[in-house]
Amino acid sequence: HVTQQVKATQEPRPNMSYAARTTGYEPSPLSVQASFAARDLARRCSVSDFGADASGNSSSTAAIGNALAACGEIIFEHGRFISGTIELPHDTVVRIRSSAVVLGASSESGEYITASRNRWSSYQDYGHGGWSDALFYGNGVRNVTITGEGVVDGNGGLANSKPPKGGGCKMFSFVDSARVAVTGSLTLRDGGWFTMLFTNCDGIHLAGFDLRAVRDGINLMQSRNVHVEDIRIHGGGDDALKFGSDYSRGKSVASYNVLVRNSILGSSHGYAAIAFGTETVGDFYNFTFENLKLMGAMSGIALTSYDGAHIHDLTFRDIQMSDLASPFFFAIYARLRRPMKLVESRDARVGSIRNINLHRIFAENLRAKKHKGLYAIPVAMLDGMPRLVLEHIFQEHPIGPGISFRDVELRFPGLGEVAATCLPGITLAKKYPMGDVPAYAAYFRRVRGVHLKNVTASLAPAVADGRPAIVIEDSNAVQLRDVAVHRSNGSGYDVEVRRSHSIDSSVGLEVVQDPCNPLLLGSKLGDPLLLGSKLARTISLCGYTWCLRFQVTALYGLLFLGCCCWCYLRVRPRRPVTASKRISLSASGYCPREGEPRERERLSA
């Protein structure tokens, strides 16, 4: 009972503005001009009745704030309304009629609430660390609905990067909120950096609207109990629908219980249609995606665990993809952008990807694409975390187990060179894969427990490719059942296996073990050293790992010994001077200390 009373006294009042909750004092607000305490929740009112300008010639920020302070439901009737930050209170309905357009004010107008500095800003970018610089904004609110048939347009006033002071970069922004809905046949366009950003929210319902993004479409950060259906996302320069988990709330928060269905998700020149990460501090589980169309991005489904998240129990079914580069991109890396515990190794902080089910997937019109200096090649890729001794990662972290592809058809463009068959595989540059891929359909590196059943990989008509269809490298427990691929015209086989074991393939597949490096030299830890021209790229790091560990330990030992010797020399007692030493010192002009007998008197005695 006492704990509940303390929590009640610490919780912010519902009618407190963002500035009051974060700084402790209440300045003159821009979006709310009156207290929310006297609101009539049953009252429906038009913003025009409170002085909102429907001509679009002047700002209506203050009038909209007054309407919210008096009514539980506000309505935008016919007209064009310009506004800065609209701070939404609890139990609010915002209705936008079909003949109404809500326009964002210019970033130079100073009508947006400047986001306060986040104390955890070093663990994520500016956009994910602040929320108030938005057109519609809610902090710690409950039961908020935005619906209608009208238009919400950023009008060029929302920046696609960090805005100036008093400017905005988001269209909808909610943090620490619950039961938030954006529904109806709304048209959302020109939403700035984030058209929608939800952070640490519970109970989100998104349905029915059409969203034309500038950069990011929808970002759902460490949120749970989410239902997305019947939406369309297009345009944009980054992710269409992104699930992430950063450290902006000062803790790791999991995302779970998410359903996405019956929607079209695309990004014209962006990274992924469906993306997990790269902000991945908290875990992700219990996600379902069904009956979706993905198009126009570098990746169709991108699952990345870069900051220690464990991604598991995800289901994708009835997915159609088109105009993409990579239909699937799964990757684990140790960026680890979060605080580190005192007794926690970097290996213990690396995340995982397991128990991912992909059923009835069809992809066509795949082609190479570029995004922010990255070049994506049409291929399905699963890439686990390698050993990186210099970054204190002393063991591999493979993708899996429980990765299942069933009833999948992929159509690739082909045209790979024959020489690409012997490529060592992609490398990591700026935490993203870069370089050529030695397969035209699927490249599995550092995976375990991957199962393919009834999977078809084909090339475009009258097109050949010099690479094999599938390359499996540094992996184990991979099953290929009822897999059909187009035979490569250059390699002469279908599947290439490199330094892997427990590979179970279908009847009819031509599987070759390390065709480019037939001479193997086994190592004591199980990773063979490959001899030949690719030695510098493929040599195992096992021996080097232990050597480096010994060197680091020896260096610390020598440093400790040096410190001990220095301390001893500083505090050691002064050795007494013997009589013979004193005689020699006296003969050379030594002056004894006060109270010390002279040498001649001592000798005579």
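With no solvent and one equal point scatterer per Cα, compute the Debye intensity ratio I(q)/I(0) for the range 268-339 at 0.16 Å⁻¹ and report its log10, rounded to two decimals. For the range 268-339, the Cα-only Debye profile gives -0.58.
Per residue, the range 140-259 exposes 27 Å² of solvent-accessible protein surface, assessed with a 1.4 angstrom probe and all protein chains in place. Each other residue within a Cβ distance under 10 Å of residue 307 adds +1 if Lys or Arg and -1 if Asp or Glu, for a net charge of +2.
Could you compute the net charge surrounding residue 318? Neighbours are other residues with a C-beta less than 14 Å from the C-beta of residue 318; K and R count +1, D and E count -1. Don't skip to the answer; put the middle values down first.
Values: positive: 261, 293, 317, 360, 406; negative: 229, 290, 407, 409.
Around residue 318, the charge tally is +1.
From the largest down, the range 54-138 spans 44, 30, 21 angstrom on the principal axes of its Cα atoms. Residue 335 contributes about 60 Å² of solvent-accessible surface, heavy atoms of the protein only, 1.4 Å probe. Solvent-accessible area assigned to carbon and sulfur over the range 58-132 amounts to 49 percent, based on a 1.4 Å probe.
Applying a threshold of 29 Å to the alpha-carbon distances of 170/369; 242/369; 162/293 flags 162/293 as lying beyond it. Measuring with a 1.4 angstrom probe and ignoring ligands and nucleic acids, residue 312 comes out at about 30 Å² accessible.
Could you sort 41, 220 by their accessible area in this structure, using a 1.4 Å probe and putting the largest first? Numbers along the way, then the final one.
On the way: 41 95, 220 5 Å².
Highest to lowest solvent-accessible surface, that is 41, 220.
Across the protein chains, with a 1.4 Å probe defining accessible surface, the residues 295, 321 rank 295, 321 from largest area downward. With Rh defined as the Kirkwood radius, the inverse of the mean 1/r over Cα pairs, the Rg/Rh of the range 122-264 is 0.93.
Going by average Cβ neighbours within 10 Å, how do the peptides 297-304, 557-564, 58-65, 149-156 rank, with the highest at the top?
Values: 297-304: 27.4, 557-564: 10.0, 58-65: 22.1, 149-156: 20.4.
Sorting 297-304, 557-564, 58-65, 149-156 by mean packing, highest first, produces 297-304, 58-65, 149-156, 557-564.
In whole angstrom, how long is each semi-axis of the equivalent ellipsoid of the range 210-339, when you take the square root of 5 times every eigenvalue of its Cα gyration tensor and sort them from largest down? Each step should come with its number before you reach the end.
Working: eigenvalues 100, 47, 38 Å².
After scaling each eigenvalue by five and taking roots: 22, 15, 14 Å.
Between amide H atoms placed 1.01 Å from N, distances below 5 Å from residue 284 occur with 255, 310, 311, 312, all of them 5 or more places distant or on a separate chain.
The values are calculated or read from the model by the stated rules, or taken from the named source; none is laboratory data. Quick caveat: nothing in here was measured; it's all calculated off a predicted structure. When we count neighbours, we look across all protein chains shown, and the Cβ atoms used for this are built from the backbone with ideal geometry, even at glycine. Heads up: the accessible areas ignore ligands, DNA and RNA and are worked out on the full protein's heavy atoms, side chains in. Shrake-Rupley method; radii C 1.70, N 1.55, O 1.52, S 1.80 Å.
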